[in-house]
Amino acid sequence: MKTNSEILDKENLTRIIGEYPREPSNQTSGPYLLVSGGIHGNETSGVLAIQRVFRKLQEDKPSLKGKIVGIAGNIVALKKGVRLIDKDLNRVCTLANEERLKAQQSLDFHEASEFNELIKIVEKLENEEFNSAFHFMDLHTTSSTTAPYISVNLRERSFDFAKQMPLPVVKGIEKYIPGHFDHYQTLKGHTGFTMEAGQHDDPKSVDYHEAAIWIILVNTGMLEKSAIPYDNYYKMLENASPTNDNFEVIYRQEIGEDHYFRMDPGYANFTKINQGQRLATLDGETIVSRSKGRVFLPLYQNQGSDGFFIVKQA
Ligand SMILES: [Zn+2]
């Protein structure tokens, strides 16, 4: 069976994956939904899910209030099948970088130009006359197997928006890792979330991403429930995650450059831990948990500066 990365037609990939409705004459006022995938170039699942949704919209041609726009994130990295070219695009989407780009300062890393194009898309949609509310969802996957979950910035609106889906929601990652695309859009006053659907090449990740897009389209009143098998999508997500509790990030284990981090085996997202429990080693020194909680995003790949996070029930 082909992996998600092999399924993606990299050659013909374009920034705008789809817009619906496409013709201005078919447009009505309503919420706008900007769905992004592939902000990390090795995460093709979101792009494939967006393509599926647009294929179905174009075949069935249901009426839709407002507009959905699907975009690809780090285009060059996606085409090369790598996570990033120079820098992590999901760390450089800051207001400071936006200012530099608008002042025509040259930033000497590839992802600056990707961010610049994302800014232009966001601003164009902000200014469209039919846009009554700006919503977004940014689709990601993880290196290790994990049940799907959602990450939101500390904004009540975004939390409520995310809770339309029966998935666990983790709040407050922006305090530890600012500059993600979700963070940028949140700072611009928009409402939305980041969804982690599962392992990069798991076909189920694409199914979960797709289900999430349909559920949001219906729950925001953009699409009639009867236009899709809504209950199937909802149940799919409900069954995908062992919990739909809410959590808040309380700790980040940083890995400095040239340090050797090794996570102890056996941890997964939301594994319960006690205070004093051994979690990892950093340069051979044992790291134990400072508090009771749950492990979040344990690092089992070589790349990265976040060893793990700890979340507590919120
Ligand atoms: Zn990602």
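Here's a check for you: in segment 108-118, which residue that is touching a helix residue (DSSP H, G or I) at 6+ places or on another chain (Cβ under 6 Å) and either within 16 Å of the ligand (Cβ to nearest atom) or among the hydrophobic types (A, V, I, L, M, F, W, C) (or both) is farthest from T191 (Cα to Cα)? Step by step, filter segment 108-118, then rank; the result is E111.
Of all residues in segment 82-100, none satisfies the criterion of being more than 28 Å from T142 (Cβ to Cβ) and either touching a Phe, Trp or Tyr at 6+ places or on another chain (Cβ under 7 Å) or modelled with pLDDT under 95 (or both).
Which fully enclosed strands (runs of 3 or more DSSP E) of segment 125-172 have 1 or more residues being surrounded by fewer than 24 Cβ atoms within 10 Å (Cβ to Cβ) and away from the ligand (no atom under 16 Å from the Cβ)?
Details: elements: 131-142, 149-152, 169-171.
Passing ranges, in order: 131-142, 169-171.
Scanning segment 292-305 for residues being modelled with pLDDT under 90 and either charged (D, E, K, R) or at positive phi (or both) gives a total of 2. Is it true that some residue in segment 55-75 is within 16 Å of the ligand (Cβ to nearest atom), in the same structural domain as A133 (by TED's automatic domain parsing), part of a helix (DSSP H, G or I) and more than 29 Å from A227 (Cα to Cα)? Taking every residue of segment 55-75 in turn, at least one turns out to be within 16 Å of the ligand (Cβ to nearest atom), in the same structural domain as A133 (by TED's automatic domain parsing), part of a helix (DSSP H, G or I) and more than 29 Å from A227 (Cα to Cα).
Consider I50 carefully, then state whether it is in contact with an Asp or Glu (Cβ under 7 Å, 6 or more places away or on another chain) and either within 14 Å of the ligand (Cβ to nearest atom) or in contact (Cβ under 8 Å) with a residue 40 or more places away in the chain (or both). Taking the combined requirement at face value, the residue does not satisfy it. Determine whether I39 is within 16 Å of the ligand (Cβ to nearest atom), closer than 15 Å to A197 by Cβ and not in a strand (DSSP E or B). When the stated conditions are applied, I39 passes them. Of all residue pairs spaced 6 or more apart or on separate chains, those with beta-carbon atoms under 6 Å, a first member in segment 1-25 that is closer than 15 Å to K80 by Cα and a second member that is surrounded by fewer than 17 Cβ atoms within 10 Å (Cβ to Cβ) are S5/G81; K10/K79. Taking first residues from segment 155-182 that are of a type in the set (S, T, Y) and partners that are part of a loop (DSSP other than H, G, I, E, B), no Cβ contact under 6 Å between residues at least 6 apart in sequence or on separate chains turns up. Filtering segment 70-129 to residues that are under 19 Å from the mean Cα position of the chain (by Cα) and on the phi > 0 side of the Ramachandran plot leaves only G81.
Which of the residues belonging to segment 21-44 are under 21 Å from the mean Cα position of the chain (by Cα) and either among the aromatic types (F, W, Y) or over 29 Å from H110 (Cα atoms) (or both)?
Filtering segment 21-44 down to residues under 21 Å from the mean Cα position of the chain (by Cα) leaves 31-44.
Answer for segment 21-44, where residues must be under 21 Å from the mean Cα position of the chain (by Cα) and either among the aromatic types (F, W, Y) or over 29 Å from H110 (Cα atoms) (or both): P31, Y32.
The values are calculated or read from the model by the stated rules, or taken from the named source; none is laboratory data. Nothing here was measured: the structure is a model prediction, and the numbers come from that model. Positions of Cβ are backbone-derived with ideal geometry, glycine not excepted, and every protein chain shown enters the neighbour counts.
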